[in-house]
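> Structure provided below as structure tokens; questions to follow.
The values are calculated or read from the model by the stated rules, or taken from the named source; none is laboratory data. Here the structure is a predicted model, which is why all the values come from computation and not from measurement. Counting neighbours? That spans all protein chains shown, and the Cβs are built from the backbone with ideal geometry, glycine included.
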């Protein structure tokens, strides 16, 4: 692991543990997106048409995959920055998650507006 961290000095353990808690929060978010994608596919057949259901489900599953995978690289980059006492990197996951969530919401809004009463 020392090779992956790229040397430097050990940061204050409180900062390392805070970084780890943030990583775990991203993992929880990832798991929630995956669970949401599975739930949409499994439980909305009477509410959503097959195209909308598949689109929303796949978008949520992709968001979960990207968030889960990206969270490790975020943790690693923050840990490296702390060890080298350089500025923390900008979070790339936050805008991806926000844009993905907005896209899912847009698809559902279009469905709700287009649905006959």
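> Would you pick out the residues in the stretch 89-117 that are more than 17 Å from the chain's Cα centre (by Cα) and closer than 17 Å to residue 40 by Cα?
Correct list: 106, 107, 108, 109, 110, 111, 112.
> Does the stretch 70-93 hold any residues that are surrounded by 12 or more Cβ atoms within 10 Å (Cβ to Cβ), farther than 17 Å from residue 16 by Cβ and free of Cβ contacts under 8 Å to residues at least 60 places away in the same chain, and which are they?
70, 91, 92
> Something else: Out of everything in the stretch 1-51 that is modelled with pLDDT under 90 and closer than 24 Å to residue 68 by Cα, what residue ends up being surrounded by the most Cβ atoms within 10 Å (Cβ to Cβ)?
Only one residue fits best here, namely 5.
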